[in-house]
Every structure is written in C-alpha cells, then in structure tokens.
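Taking it in order: structure first as structure tokens, then the write-up.
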Amino acid sequence: MIFTVAIDGPAAAGKGTISRAVAERFGFAHLDTGALYRAVGVKGGDPVAAARGLSAADLARDDLRSLEAGQAASRVAVIPEVRAALLAFQRDFARREGGAVLDGRDIGTVICPEAEVKLFVTASAEVRARRRWLELGGERAEKSLASVLAEVEERDRRDRDRSEAPLRPAADAILLDTGALTAKAAIEEAGRLVLVALRAAGHMRDGMAGD
Ligand code: DC
C-alpha cells in the first residue's frame, strides 16, 4: 500500500505530536523533515555540501531540538540547492511501501502533492510561543516569553516569505487549528481524517486501528 499523510504548518503548531501519533496508530513510517534542515543548519561549513552529505550521525545529534538549531534550519532552508539535495530522499520516503507520515513546511505543496491526506496544522504565534516557552521550562527558562515569541515570528516570516517552497497550505489541505484543542483532541481529529481517506482509498484492512 502506498499512502502518504502530509502534515505541514509553522513552528510549534503541534505537527510533531500529531504526526508521531498518526504514524503509530496506523503503523506508518514517520519522517520529521525539519530534522533534516536542523542537521544541515547545525553542521556548519557550506550548507549545500552538508545537505548533500547528510549522514545518520548528523541526524542523531542531541542538539537538533534547540531554538538555535531551529533558527539555523530556517536560514539554510531558503537555499534552493539545499532543498534540492534533500528532495529525493523525502519523495522516496513519502511513497515507500506501507504508508508514511511526513511533517514539515512543503510536504503537501512540493514534496508530495499527490499525498492522500494533507493537513495544515496551525495556531496563533502567541499560542505557539507559549508552548515552546513552557517546553523550555516556563518561568525557569533562560529566555522570556517575549523573546521566544519574537523568535517564532521571525522564523514564521522567513519560512513564509522565501521564494523556494514557502510555507503555505496546499489548495486541497485541511486546516487544523490546534489553538483551542488539547493534544489528545488534535490527534483524534487528525486520526479521523486519515481514517476517512484510508476508507475512501479502499485501504482499511484487519489490524488497522479503525475505531
Ligand atoms: O519543523 P521544524 O521546526 O523542525 O523546522 C525547522 C526549520 O526547517 C523551519 O523553520 C524551516 C525548515 N523546514 C523547511 O524549510 N521545510 C521543511 N519541510 C521542514 C523544515
């Protein structure tokens, strides 16, 4: 079975949480495509060479989730040659046998426009900044909420305004605003939408989570 779930949206909208849960529920493989750009961003040196030579060790670094890595990723992600170097791997992953969930910025628009399900997960910049700030420790965090918000807004702007594969919903994407939803509710809604598409494509089979 070839079946792709494309989950796009801005930083800290809940894409990762939803993607992991959907992949687990339906037994699909999951690729966090932001990790590819983060690995290129933190590697240093020439980003195009880094993207062309990306290794499993680069992707296993434990500093990839930091705010700094996110900013570095967003900066190298504007370079067309970097995006081109990462394209084939992502496309092959999307159409692998057994189903795949990819989360990123351009999965539904560029990497896999033929994806069977396209979700655009979003929330206001304030809600997303607060989530990131709480992840960093909230009141105990080194950064203030205001500075995390400024970073989120800067990254949004760069990801949206770049000429190559900018962050935007595909015309046929379903919008999922997680601002007023618990993680559980957002995961359930995404799962429901995937189930509808699986049924429509005639792929529901014994053992798949159909509740
Ligand atoms: O999803 P994330 O926060 O890990 O992504 C980090 C940055 O990588 C993001 O700000 C822009 C870039 N990115 C991209 O351009 N395209 C993707 N498919 C995924 C991430």
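What to note about this one:
- Check on Leu167, among the hydrophobic types (A, V, I, L, M, F, W, C), within 12 Å of Ala11 (Cβ to Cβ) and not in a helix (DSSP H, G or I): yes
- Taking the criterion of being within 15 Å of Tyr37 (Cα to Cα), out of contact with any helix residue (DSSP H, G or I) (no Cβ under 6 Å at 6 or more places or on another chain) and outside any helix (DSSP H, G or I), the only residue of the stretch 97-107 that qualifies is Asp106.
- The stretch 132-150, subset touching a residue at least 24 places away in the same chain (Cβ under 8 Å) and crowded, with 19+ Cβ neighbours inside 10 Å, residue farthest from Ala11 (Cα to Cα): Val148
- Arg192 vs. criteria open to solvent by 70 Å² or more (accessible area, probe 1.4 Å), basic (Lys, Arg) and over 18 Å from the mean Cα position of the chain (by Cα): yes
- Restricting the stretch 151-164 to residues that are near the ligand (Cβ under 9 Å from one of its atoms) and outside any loop (DSSP other than H, G, I, E, B), the residue that is farthest from Ala11 (Cα to Cα): Arg158
- Flag set for Val117, criterion: away from the ligand (no atom under 13 Å from the Cβ), more than 16 Å from Ala11 (Cβ to Cβ) and open to solvent by less than 20 Å² (accessible area, probe 1.4 Å).
- Hits in the stretch 125-175 (condition: closer than 27 Å to Pro113 by Cα and among the aliphatic types (A, V, I, L, M)): Ala125, Val152, Ala165, Leu167, Ala170, Ala171, Ala173, Ile174, Leu175
- A search for C-beta distances below 6 Å between a residue of the stretch 187-203 that is closer than 10 Å to Ala21 by Cβ and touching a residue at least 60 places away in the same chain (Cβ under 8 Å) and any residue that is open to solvent by 60 Å² or more (accessible area, probe 1.4 Å) and in a helix (DSSP H, G or I), counting only pairs 6+ apart in sequence or on different chains, returns Gly191/Arg25.
- Ala165 passes every criterion in (1) of a type in the set (A, V, I, L, M, F, W, C); (2) at pLDDT 95 or above; (3) buried (at least 19 other Cβ atoms within 10 Å of the Cβ) apart from (2).
- Identification of helices (runs of 4 or more DSSP H) wholly contained in the stretch 1-96 with 2 or more residues that are open to solvent by less than 50 Å² (accessible area, probe 1.4 Å), of a type outside the set (A, V, I, L, M) and away from the ligand (no atom under 13 Å from the Cβ) yields no element.
The values are calculated or read from the model by the stated rules, or taken from the named source; none is laboratory data. Note that the structure is predicted; figures quoted are calculated from it, not measured. With ideal geometry, Cβ positions are generated from the backbone for all residues, glycine too; neighbour counts draw on all protein chains shown. To get the accessible areas, we keep the full protein, side chains included, count just its heavy atoms, and leave off ligands, DNA and RNA. Shrake-Rupley method; radii C 1.70, N 1.55, O 1.52, S 1.80 Å.
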